[in-house]
Every structure is written in structure tokens, then in C-alpha cells.
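Have a look at the structure below before the remarks.
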Amino acid sequence: MQKQIRLIRRAGGQKFIPALALSLTLLANSGHSSVVGFEDLTLTSQSYWNGSSGAGSFTSGGVTFPNSHNSSWGSWSGFAYSNVQNSTTPGWGNQYAAWPGGGAEGSLNYVVGYQPSSAPWAISLAGSRNFHGRGLLVANTTYTALDMREGSGFSKKFGGISGHDPDWLRLTIRGRLGGTETGAVDFYLADYRFADSTQDTIVNSWAFVDLTSLGTVDELRFALDSSDHGAWGMNTPAYFAMDNLGAVPEPSAASLVFTAALVLTAVRKYRRVVRS
């Protein structure tokens, strides 16, 4: 934005600079209204909540996330929340870390979903919410990403020995309103189905998932599936990370430049009128 402001100043349009700054700021921050970012959840540094208190759920921004914790086995499923920053340690012991190294857009907290069976998780939105033009941010967890990249004693290395196996990890998000499904959106957290293996990818940053097609919903259901299955179901660790529920896409650099160009055009027209 500073570059565009310098251009306006050179053109003699100082009086337009506040308007330009405001318009660019509004455009850049347009996705932050009614967004659940999980920063209202309290955690000490490098820690997580996995339901060991027996609460059975947690709520953030009015949205309720289910959790099931088995104290006998020390296991859990559903949703946990975390601020763990560890993008390098492989294995189950690092199951609460998002691979990007922290929350989205430099935030601390994020949610981790874990699905040990084929049953989907459902989150309650505490009333209907219209997702037109909105979505959420998702990422791989470090545990899942490194398992897919390197393989383990339980799961295969994506691409196989040849590097050409068409492996994938897919997150499906379904919307419901009053018990009736409104639609479904698929997002591939890893995709090795390309004829050109150089295009194979494991998502390594926070990615926006557009939920516009779901319309107005009061519940979202999440399910993971993978190309790697065994006798007991999916071998790929069934985790994903989520942040900024209700977000809109960040404006592109092209959008910001276009806005600045419009203001610059107005400045030039203004100068011509003043001189005449």
C-alpha cells in the first residue's frame, strides 16, 4: 500500500491519500468480520487442549466443536485446539501441530480435527450462517504431512517407490440446515493424481476453502478420506488443521493495484480540472 501512496503523493494528490489508505485497508481487512479465529481460547505457550477435562466439546465465537476423550487410553477424537509450533518432528507424538508452523496470518491458536473412523465430525454454528463468499482456512498437520511425504510403519509414502502412484488425501465439508444437506465441498490436502509428477503436492500452508456453494447452514460436517487404505480403514493419519472459520479470500495484489490505479486516475483528473 505504501507504494501506491507514494505514487499519489508524486502526482500532487495529497488530499486523496487518506481516502486511498482507507479504501485499501478496508479491502485488505474485508475478510475479518464474523470470523472465528480461536484467539478467545486460553492456552499456555506451545500447548493444546484435547478434551482430557471430560468437557465433551468446546465453543469459540459461538461455534461448538465436539470432542471425545478416553481417559483410560489417553486417546481423543473430534476437535482439539492448539498453539503448538513444530513443523519438523514426525510421528504421533507431534499430532497437535499445524505444518505451517502456527495459526493462520500469524495468529497463535488453531483447531486440529482427528477422525479415527469413517463417521464425520459435526460442528454446530448456534443458528444459521450464510457462507456466500465465505469459507475457512485449512492446513495439514505436521504428523500427517510428514507421513505422506516420507511414509511410516503404518502408512505409505505418497507416490510410492516410483513416485507415480496417484495418491491423495481429501477433506469433504458438508453443510446442513435443519437436518437437510445443502451441499458438499471437496478439498485435497495432498494430490498425487497428476500425469506430470512435478505437479504433485502436499499442502504446506494455510489454504482457503470456499464454502459459497453450501449456502445458509446451521451445521458443518467434516470427513477425511485417503487413497491409502488397509484392513482397518484409512492408513494415512486422519488429521487436519483449521483456522478463520467464516473468512473471505484475501485480496490479491492485482486488486490492490487496481484500487490504487482508480484513485490515481481521479487525482490526475482533479489536477486537470484545477489547472483549467
- Message: Need the full-extension length gain, Leu108 to Trp232, defined as separation in residues times 0.36 nm minus the C-alpha distance. One decimal, nm.
- Response: 41.2 nm
- Sticking with the crude label model, points 7 Å out along Cα→Cβ, report the distance from Glu150 to Thr212 in nm, one decimal please. 4.0
- Task: Tell me which residues come under 5 Å, amide H to amide H, from Ser60 once H is placed; ignore anything under 5 positions away on its chain.
- Result: Phe65
- Message: Quick check: pseudo-label points 7 Å beyond the Cα along Cα→Cβ at Ser57 and Thr89, how many nm apart are they?
- Response: 3.2
- Task: Give the relative contact order (percent, whole number) for region 48-108; include only Cα pairs under 8 Å separated by 6+ residues.
- Result: 26
- If the chain between Ala122 and Phe194 were fully extended at 0.36 nm per residue, the gain over the current Cα-Cα distance would be 22.8 nm
- Query: So, counting K/R as plus one and D/E as minus one, what does the shell of residues with Cβ under 15 Å around Gly151 add up to?
  - Reply: -3
- Ile161 versus Thr201: modelled label distance in nm, points set 7 Å from Cα along the beta carbon direction: 3.0
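We did not get these values from a lab; they are worked out from the coordinates using the rules stated. Bear in mind the structure is a predicted one, so any value in this text is a computation, not a measurement. Backbone-built Cβ (ideal geometry, glycine too); neighbour counts: all protein chains shown.
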